[in-house]
Amino acid sequence: MVAPLWLAPKERLQDLIDALRQRQYTVVAPVVDQAAIVYDEIDHIDRLPRGWIDSQAAGHYRLQPTSRDRWFDFVVGPDSWKKYLFPARCVLSTAKPLPDGWQFESAADDSPAYAFLGARACELAAIQVQDRVFLEGPWIDQIYQHRRSRAFIVAVNCTRSGENCFCVSMRTGPACHSGYDLALTETDEGFVVDIGSERGGDLIASLRLPEAPLEKCTAARLSQERAAMQQSKQMATGDLPNLLMTNLEHPRWKDVGDRCLSCTNCTMVCPTCFCCSVDDVTDLNTGAVERQRQWDSCFHEEFSNLNGRPVRNETRSRYRQWLTHKLATWHDQFDTSGCVGCGRCIAWCPVGIDITAEVAALREAPVRCPA
(Lines give C-alpha, C1' and ligand atoms only; values in the text may rest on other atoms or scores of the structure.)
Protein backbone atom coordinates (compact mmCIF):
# COMPACT_ATOMS: atom_id res chain seq x y z
CA MET A 1 0.00 0.00 0.00
CA VAL A 2 1.43 3.36 -1.06
CA ALA A 3 1.63 6.00 1.67
CA PRO A 4 -0.56 9.10 1.19
CA LEU A 5 1.14 12.20 -0.17
CA TRP A 6 0.80 15.84 0.85
CA LEU A 7 -0.21 18.50 -1.69
CA ALA A 8 0.33 21.94 -0.13
CA PRO A 9 -0.19 24.82 -0.31
CA LYS A 10 -3.63 24.29 -1.78
CA GLU A 11 -2.83 26.43 -4.81
CA ARG A 12 -0.56 23.60 -5.95
CA LEU A 13 -3.71 21.88 -7.15
CA GLN A 14 -3.02 23.90 -10.29
CA ASP A 15 0.12 21.79 -10.78
CA LEU A 16 -2.08 18.69 -10.87
CA ILE A 17 -4.39 20.28 -13.44
CA ASP A 18 -1.39 21.31 -15.54
CA ALA A 19 0.04 17.79 -15.37
CA LEU A 20 -3.26 16.34 -16.59
CA ARG A 21 -3.47 18.85 -19.45
CA GLN A 22 0.12 18.11 -20.45
CA ARG A 23 -0.95 14.49 -20.87
CA GLN A 24 -3.69 15.63 -23.24
CA TYR A 25 -6.59 15.21 -20.81
CA THR A 26 -9.53 17.59 -20.96
CA VAL A 27 -10.06 18.46 -17.30
CA VAL A 28 -13.70 18.57 -16.15
CA ALA A 29 -14.46 19.86 -12.66
CA PRO A 30 -17.21 21.47 -10.55
CA VAL A 31 -17.93 25.13 -11.29
CA VAL A 32 -20.64 27.60 -10.28
CA ASP A 33 -23.10 28.33 -13.06
CA GLN A 34 -26.72 29.50 -12.95
CA ALA A 35 -26.77 29.30 -9.13
CA ALA A 36 -25.77 25.62 -9.03
CA ILE A 37 -22.69 23.43 -8.95
CA VAL A 38 -22.30 21.87 -12.39
CA TYR A 39 -19.45 20.14 -14.24
CA ASP A 40 -17.56 21.92 -16.98
CA GLU A 41 -14.16 22.03 -18.64
CA ILE A 42 -11.56 24.06 -16.73
CA ASP A 43 -7.91 24.98 -17.10
CA HIS A 44 -7.39 26.91 -13.84
CA ILE A 45 -8.24 26.53 -10.16
CA ASP A 46 -9.91 29.95 -10.17
CA ARG A 47 -13.01 28.33 -11.71
CA LEU A 48 -13.49 25.92 -8.80
CA PRO A 49 -16.33 26.80 -6.36
CA ARG A 50 -14.09 28.10 -3.61
CA GLY A 51 -16.02 29.31 -0.56
CA TRP A 52 -19.40 27.83 -1.58
CA ILE A 53 -21.60 25.22 0.06
CA ASP A 54 -24.97 23.87 -0.98
CA SER A 55 -28.13 23.80 1.12
CA GLN A 56 -30.38 20.89 0.17
CA ALA A 57 -33.69 19.41 1.29
CA ALA A 58 -36.64 17.71 -0.42
CA GLY A 59 -37.42 19.86 -3.45
CA HIS A 60 -34.81 22.42 -2.39
CA TYR A 61 -31.32 23.37 -3.60
CA ARG A 62 -29.51 26.65 -2.93
CA LEU A 63 -25.88 27.77 -2.98
CA GLN A 64 -24.58 29.73 -0.01
CA PRO A 65 -21.30 31.61 0.44
CA THR A 66 -19.23 30.61 3.43
CA SER A 67 -16.22 31.97 5.26
CA ARG A 68 -14.50 28.58 5.07
CA ASP A 69 -11.76 28.71 2.44
CA ARG A 70 -12.66 25.30 0.99
CA TRP A 71 -12.95 24.35 -2.68
CA PHE A 72 -14.94 21.11 -2.24
CA ASP A 73 -17.23 21.85 0.72
CA PHE A 74 -20.40 21.38 -1.35
CA VAL A 75 -22.01 17.97 -1.86
CA VAL A 76 -23.44 17.34 -5.36
CA GLY A 77 -25.40 19.40 -7.86
CA PRO A 78 -27.72 18.37 -10.69
CA ASP A 79 -24.89 17.19 -12.97
CA SER A 80 -23.24 13.80 -12.86
CA TRP A 81 -20.28 12.38 -14.76
CA LYS A 82 -22.80 10.30 -16.70
CA LYS A 83 -23.18 13.12 -19.22
CA TYR A 84 -19.55 12.65 -20.31
CA LEU A 85 -19.51 8.84 -20.38
CA PHE A 86 -23.07 8.27 -21.60
CA PRO A 87 -23.84 11.53 -23.45
CA ALA A 88 -27.36 12.90 -23.47
CA ARG A 89 -27.42 12.86 -27.27
CA CYS A 90 -25.15 11.12 -29.75
CA VAL A 91 -25.10 9.74 -33.29
CA LEU A 92 -24.85 5.95 -33.46
CA SER A 93 -24.64 5.45 -37.22
CA THR A 94 -25.26 7.09 -40.58
CA ALA A 95 -26.76 5.97 -43.86
CA LYS A 96 -26.05 7.84 -47.12
CA PRO A 97 -27.88 7.22 -50.38
CA LEU A 98 -25.64 6.33 -53.34
CA PRO A 99 -26.54 5.83 -57.01
CA ASP A 100 -26.35 2.05 -56.59
CA GLY A 101 -27.60 1.67 -52.98
CA TRP A 102 -26.78 2.85 -49.48
CA GLN A 103 -23.56 3.41 -47.56
CA PHE A 104 -23.88 2.49 -43.85
CA GLU A 105 -21.27 3.56 -41.31
CA SER A 106 -20.94 3.49 -37.54
CA ALA A 107 -20.40 6.99 -36.21
CA ALA A 108 -16.96 7.73 -34.82
CA ASP A 109 -16.81 9.09 -31.27
CA ASP A 110 -14.42 12.04 -31.40
CA SER A 111 -14.66 12.94 -27.70
CA PRO A 112 -11.44 13.86 -25.88
CA ALA A 113 -9.87 11.88 -23.07
CA TYR A 114 -11.46 13.31 -19.93
CA ALA A 115 -9.98 13.82 -16.47
CA PHE A 116 -12.75 14.07 -13.88
CA LEU A 117 -11.63 16.26 -10.99
CA GLY A 118 -13.87 16.18 -7.91
CA ALA A 119 -15.77 12.89 -8.26
CA ARG A 120 -17.35 11.87 -4.94
CA ALA A 121 -17.60 8.36 -3.52
CA CYS A 122 -21.27 7.98 -4.47
CA GLU A 123 -20.40 9.07 -8.00
CA LEU A 124 -17.61 6.50 -8.25
CA ALA A 125 -20.18 3.90 -7.21
CA ALA A 126 -22.55 5.21 -9.90
CA ILE A 127 -19.84 4.89 -12.56
CA GLN A 128 -19.20 1.31 -11.44
CA VAL A 129 -22.94 0.59 -11.72
CA GLN A 130 -22.98 1.92 -15.28
CA ASP A 131 -19.87 -0.14 -16.03
CA ARG A 132 -21.97 -3.22 -15.27
CA VAL A 133 -24.78 -1.98 -17.50
CA PHE A 134 -22.68 -1.01 -20.51
CA LEU A 135 -19.51 -3.11 -20.28
CA GLU A 136 -20.18 -6.36 -18.45
CA GLY A 137 -23.26 -7.72 -20.18
CA PRO A 138 -23.65 -9.61 -23.45
CA TRP A 139 -23.72 -6.30 -25.37
CA ILE A 140 -20.95 -3.71 -25.05
CA ASP A 141 -21.78 -0.05 -25.62
CA GLN A 142 -18.91 1.08 -27.85
CA ILE A 143 -19.32 4.80 -27.13
CA TYR A 144 -19.31 4.27 -23.36
CA GLN A 145 -16.37 1.86 -23.60
CA HIS A 146 -14.32 4.33 -25.64
CA ARG A 147 -14.90 7.19 -23.21
CA ARG A 148 -14.62 5.13 -20.03
CA SER A 149 -11.36 3.42 -20.96
CA ARG A 150 -9.58 6.77 -21.33
CA ALA A 151 -11.09 8.59 -18.34
CA PHE A 152 -8.74 9.63 -15.52
CA ILE A 153 -10.52 10.08 -12.19
CA VAL A 154 -9.36 12.42 -9.43
CA ALA A 155 -11.83 11.77 -6.63
CA VAL A 156 -12.49 13.95 -3.61
CA ASN A 157 -13.48 12.44 -0.28
CA CYS A 158 -16.48 14.12 1.30
CA THR A 159 -15.78 16.02 4.51
CA ARG A 160 -19.36 17.28 4.78
CA SER A 161 -22.74 15.65 4.14
CA GLY A 162 -25.90 17.36 2.99
CA GLU A 163 -29.43 16.82 4.26
CA ASN A 164 -30.31 14.61 1.28
CA CYS A 165 -27.23 12.37 1.50
CA PHE A 166 -27.76 8.73 2.47
CA CYS A 167 -24.67 7.08 0.96
CA VAL A 168 -23.86 5.47 4.31
CA SER A 169 -27.06 3.42 4.05
CA MET A 170 -26.10 2.34 0.52
CA ARG A 171 -22.50 1.61 1.56
CA THR A 172 -21.13 3.89 -1.16
CA GLY A 173 -19.50 6.70 0.85
CA PRO A 174 -18.63 9.25 2.04
CA ALA A 175 -15.05 7.97 1.74
CA CYS A 176 -13.67 6.75 -1.60
CA HIS A 177 -12.28 3.22 -1.49
CA SER A 178 -11.95 2.19 -5.15
CA GLY A 179 -12.59 3.28 -8.71
CA TYR A 180 -10.19 6.25 -8.78
CA ASP A 181 -6.71 7.05 -10.03
CA LEU A 182 -6.10 9.67 -7.33
CA ALA A 183 -8.23 10.67 -4.34
CA LEU A 184 -7.93 13.97 -2.47
CA THR A 185 -9.06 14.85 1.02
CA GLU A 186 -9.20 18.59 1.57
CA THR A 187 -7.92 20.21 4.76
CA ASP A 188 -7.51 23.88 5.56
CA GLU A 189 -3.83 23.77 4.59
CA GLY A 190 -3.74 21.35 1.65
CA PHE A 191 -4.78 17.98 0.28
CA VAL A 192 -3.97 14.46 1.42
CA VAL A 193 -3.50 12.45 -1.78
CA ASP A 194 -4.17 8.72 -2.06
CA ILE A 195 -2.99 6.81 -5.12
CA GLY A 196 -5.49 4.34 -6.57
CA SER A 197 -3.86 3.17 -9.80
CA GLU A 198 -0.55 2.82 -11.57
CA ARG A 199 -1.26 5.70 -13.91
CA GLY A 200 -2.35 7.80 -10.92
CA GLY A 201 0.97 7.07 -9.25
CA ASP A 202 2.85 7.87 -12.45
CA LEU A 203 1.15 11.24 -12.82
CA ILE A 204 1.49 12.33 -9.20
CA ALA A 205 5.16 11.31 -9.16
CA SER A 206 5.85 14.17 -11.58
CA LEU A 207 4.82 16.64 -8.85
CA ARG A 208 7.44 15.28 -6.40
CA LEU A 209 5.18 15.51 -3.36
CA PRO A 210 6.34 14.62 0.15
CA GLU A 211 4.68 11.91 2.21
CA ALA A 212 1.70 13.25 4.13
CA PRO A 213 2.40 13.91 7.83
CA LEU A 214 0.61 11.59 10.24
CA GLU A 215 -1.43 14.43 11.75
CA LYS A 216 -2.72 15.42 8.28
CA CYS A 217 -3.74 11.83 7.52
CA THR A 218 -5.51 11.62 10.87
CA ALA A 219 -7.32 14.90 10.27
CA ALA A 220 -8.41 13.70 6.82
CA ARG A 221 -9.75 10.41 8.21
CA LEU A 222 -11.62 12.15 11.03
CA SER A 223 -13.24 14.61 8.62
CA GLN A 224 -14.57 11.70 6.55
CA GLU A 225 -15.94 10.04 9.68
CA ARG A 226 -17.67 13.29 10.69
CA ALA A 227 -19.29 13.47 7.27
CA ALA A 228 -20.68 9.98 7.77
CA MET A 229 -22.05 10.86 11.22
CA GLN A 230 -23.76 13.98 9.83
CA GLN A 231 -26.15 11.90 7.74
CA SER A 232 -29.63 11.76 9.24
CA LYS A 233 -31.37 10.37 6.16
CA GLN A 234 -31.37 6.58 5.94
CA MET A 235 -32.71 3.78 3.81
CA ALA A 236 -33.09 0.31 5.31
CA THR A 237 -31.93 -2.01 2.52
CA GLY A 238 -32.40 -5.38 4.22
CA ASP A 239 -34.78 -7.56 2.18
CA LEU A 240 -35.67 -4.46 0.14
CA PRO A 241 -36.17 -6.21 -3.23
CA ASN A 242 -38.58 -8.68 -1.67
CA LEU A 243 -40.42 -5.90 0.20
CA LEU A 244 -41.01 -3.98 -3.03
CA MET A 245 -41.96 -6.92 -5.21
CA THR A 246 -44.50 -8.25 -2.72
CA ASN A 247 -46.14 -4.85 -2.29
CA LEU A 248 -46.93 -4.00 -5.90
CA GLU A 249 -50.54 -3.10 -5.05
CA HIS A 250 -49.75 -1.11 -1.91
CA PRO A 251 -51.91 2.06 -1.56
CA ARG A 252 -48.71 4.10 -1.18
CA TRP A 253 -48.18 3.84 -4.96
CA LYS A 254 -51.39 5.78 -5.57
CA ASP A 255 -50.43 8.30 -2.92
CA VAL A 256 -47.06 9.03 -4.53
CA GLY A 257 -48.64 8.88 -8.00
CA ASP A 258 -51.04 11.65 -7.01
CA ARG A 259 -48.08 13.83 -6.00
CA CYS A 260 -45.66 12.97 -8.81
CA LEU A 261 -45.67 15.28 -11.86
CA SER A 262 -43.98 12.77 -14.21
CA CYS A 263 -41.57 15.63 -14.97
CA THR A 264 -38.60 13.18 -15.32
CA ASN A 265 -36.30 15.34 -13.15
CA CYS A 266 -35.38 12.39 -10.93
CA THR A 267 -34.24 10.27 -13.88
CA MET A 268 -32.39 13.13 -15.57
CA VAL A 269 -30.27 13.93 -12.49
CA CYS A 270 -29.81 10.30 -11.44
CA PRO A 271 -26.19 9.21 -12.06
CA THR A 272 -27.19 5.61 -12.89
CA CYS A 273 -30.42 5.85 -14.91
CA PHE A 274 -29.75 4.78 -18.49
CA CYS A 275 -33.13 4.80 -20.28
CA CYS A 276 -32.77 6.08 -23.82
CA SER A 277 -34.63 6.20 -27.12
CA VAL A 278 -33.33 5.89 -30.67
CA ASP A 279 -34.66 7.82 -33.68
CA ASP A 280 -33.75 7.85 -37.36
CA VAL A 281 -33.46 11.48 -38.48
CA THR A 282 -33.47 12.19 -42.21
CA ASP A 283 -31.84 15.17 -43.92
CA LEU A 284 -34.54 16.28 -46.36
CA ASN A 285 -31.96 17.90 -48.66
CA THR A 286 -29.56 14.98 -49.10
CA GLY A 287 -31.65 12.01 -47.99
CA ALA A 288 -28.91 10.98 -45.56
CA VAL A 289 -30.07 9.42 -42.31
CA GLU A 290 -28.59 9.67 -38.82
CA ARG A 291 -29.51 7.18 -36.13
CA GLN A 292 -29.54 9.29 -32.97
CA ARG A 293 -29.70 8.18 -29.37
CA GLN A 294 -30.90 10.49 -26.59
CA TRP A 295 -31.70 10.18 -22.92
CA ASP A 296 -35.28 9.20 -22.21
CA SER A 297 -37.24 8.40 -19.06
CA CYS A 298 -39.59 5.68 -17.88
CA PHE A 299 -41.75 8.53 -16.53
CA HIS A 300 -42.77 9.47 -20.07
CA GLU A 301 -46.14 7.91 -20.85
CA GLU A 302 -45.07 6.98 -24.37
CA PHE A 303 -41.89 5.28 -23.18
CA SER A 304 -43.82 2.05 -22.56
CA ASN A 305 -45.73 2.18 -25.85
CA LEU A 306 -46.52 -1.18 -27.42
CA ASN A 307 -48.61 -1.25 -30.59
CA GLY A 308 -49.25 2.45 -30.21
CA ARG A 309 -50.55 2.37 -26.65
CA PRO A 310 -48.71 2.76 -23.30
CA VAL A 311 -48.36 -0.21 -20.97
CA ARG A 312 -48.02 2.13 -17.99
CA ASN A 313 -50.56 4.87 -18.59
CA GLU A 314 -50.79 6.06 -14.97
CA THR A 315 -48.20 8.03 -13.02
CA ARG A 316 -48.70 5.54 -10.20
CA SER A 317 -47.49 2.65 -12.34
CA ARG A 318 -44.58 4.65 -13.79
CA TYR A 319 -43.27 5.65 -10.37
CA ARG A 320 -43.62 2.05 -9.21
CA GLN A 321 -41.69 0.87 -12.27
CA TRP A 322 -38.87 3.33 -11.57
CA LEU A 323 -38.56 2.55 -7.86
CA THR A 324 -38.85 -1.23 -8.12
CA HIS A 325 -36.33 -1.31 -10.96
CA LYS A 326 -33.91 0.97 -9.14
CA LEU A 327 -34.02 -0.88 -5.82
CA ALA A 328 -35.19 -4.41 -6.66
CA THR A 329 -34.97 -5.81 -10.19
CA TRP A 330 -31.68 -3.98 -10.80
CA HIS A 331 -30.22 -6.61 -8.44
CA ASP A 332 -31.54 -9.35 -10.72
CA GLN A 333 -30.09 -7.72 -13.83
CA PHE A 334 -26.78 -6.36 -12.58
CA ASP A 335 -26.24 -7.85 -9.10
CA THR A 336 -26.26 -4.42 -7.47
CA SER A 337 -28.64 -1.66 -6.45
CA GLY A 338 -29.31 1.11 -8.93
CA CYS A 339 -29.24 3.71 -6.13
CA VAL A 340 -26.02 5.13 -4.67
CA GLY A 341 -27.55 7.45 -2.05
CA CYS A 342 -26.53 10.76 -3.65
CA GLY A 343 -29.94 12.35 -2.94
CA ARG A 344 -30.19 14.18 -6.27
CA CYS A 345 -33.67 12.82 -7.00
CA ILE A 346 -34.86 14.24 -3.66
CA ALA A 347 -33.42 17.72 -4.14
CA TRP A 348 -34.53 18.15 -7.74
CA CYS A 349 -38.08 16.80 -7.40
CA PRO A 350 -40.35 19.86 -7.74
CA VAL A 351 -42.84 18.45 -5.22
CA GLY A 352 -40.21 17.08 -2.82
CA ILE A 353 -40.83 13.33 -3.15
CA ASP A 354 -38.23 11.56 -1.02
CA ILE A 355 -37.22 8.07 -2.14
CA THR A 356 -36.17 7.13 1.40
CA ALA A 357 -39.56 8.21 2.79
CA GLU A 358 -41.42 6.16 0.17
CA VAL A 359 -39.45 3.04 1.07
CA ALA A 360 -39.97 3.71 4.78
CA ALA A 361 -43.73 4.01 4.25
CA LEU A 362 -43.88 0.64 2.49
CA ARG A 363 -41.77 -0.95 5.21
CA GLU A 364 -43.87 0.53 8.02
CA ALA A 365 -47.18 -0.84 6.74
CA PRO A 366 -46.58 -3.61 4.18
CA VAL A 367 -49.54 -5.05 2.29
CA ARG A 368 -48.17 -8.34 1.04
CA CYS A 369 -49.33 -9.34 -2.42
CA PRO A 370 -47.97 -12.00 -4.78
CA ALA A 371 -45.23 -10.72 -7.05
Single match in ALA220, ALA228 (criterion: surrounded by 15 or more Cβ atoms within 10 Å (Cβ to Cβ), in a helix (DSSP H, G or I) and in contact with a helix residue (DSSP H, G or I) (Cβ under 7 Å, 6 or more places away or on another chain)): ALA228
Among the residues in the range 133-140, are any in contact (Cβ under 8 Å) with a residue 12 or more places away in the chain, among the hydrophobic types (A, V, I, L, M, F, W, C), farther than 29 Å from GLU225 by Cβ and assigned to a loop (DSSP other than H, G, I, E, B)? no
Please determine whether any residue of the range 322-341 is part of a loop (DSSP other than H, G, I, E, B), at positive phi and touching a helix residue (DSSP H, G or I) at 6+ places or on another chain (Cβ under 9 Å). yes
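Residue-by-condition table, conditions (1) over 30 Å from ILE346 (Cα atoms); (2) touching a residue at least 60 places away in the same chain (Cβ under 8 Å):
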residue: GLU123; (1), (2): no, yes
residue: ILE153; (1), (2): no, no
residue: ASN157; (1), (2): no, yes
residue: GLY162; (1), (2): no, yes
residue: PRO174; (1), (2): no, no
residue: ALA183; (1), (2): no, no
residue: ASP194; (1), (2): yes, yes
Can you tell me which residues in the range 295-310 are hydroxyl-bearing (Ser, Thr, Tyr) and modelled with pLDDT of 85 or more? SER297
So, PRO97, is that one assigned to a loop (DSSP other than H, G, I, E, B) and either touching a residue at least 40 places away in the same chain (Cβ under 8 Å) or loosely packed, with under 15 Cβ neighbours inside 10 Å (or both) or not? no
Of all residues in the range 1-42, which are basic (Lys, Arg) and not in a helix (DSSP H, G or I)? ARG23
Quick one: count up the residues across the range 342-371 that are among the charged types (D, E, K, R), part of a helix (DSSP H, G or I) and within 21 Å of ARG62 (Cβ to Cβ). 1
Please tell me if LYS83 is under 30 Å from ASP354 (Cβ atoms) and either within 24 Å of the chain's Cα centre (by Cα) or of a type in the set (Lys, Arg) (or both). yes
Out of all the residues in the range 325-351, which are surrounded by 20 or more Cβ atoms within 10 Å (Cβ to Cβ) and among the hydroxyl-bearing types (Ser, Thr, Tyr)? SER337
Expected single match for modelled with pLDDT of 95 or more, under 18 Å from the mean Cα position of the chain (by Cα) and not in a helix (DSSP H, G or I) among GLU163, GLU123 is GLU163
Answer yes if at least one residue in the range 169-181 is under 24 Å from the mean Cα position of the chain (by Cα) and in a helix (DSSP H, G or I), and no otherwise. yes
VAL281 out of contact with any Pro (no Cβ under 9 Å at 6 or more places or on another chain), exposed (fewer than 13 other Cβ atoms within 10 Å of the Cβ) and not small (Gly, Ala, Ser): yes
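The values are calculated or read from the model by the stated rules, or taken from the named source; none is laboratory data. Keep in mind that what you see is a predicted model, and the values were worked out from it rather than measured. A quick note on method: Cβ atoms are made from the backbone with ideal geometry, for glycine too, and the neighbour counts reach across all protein chains shown.
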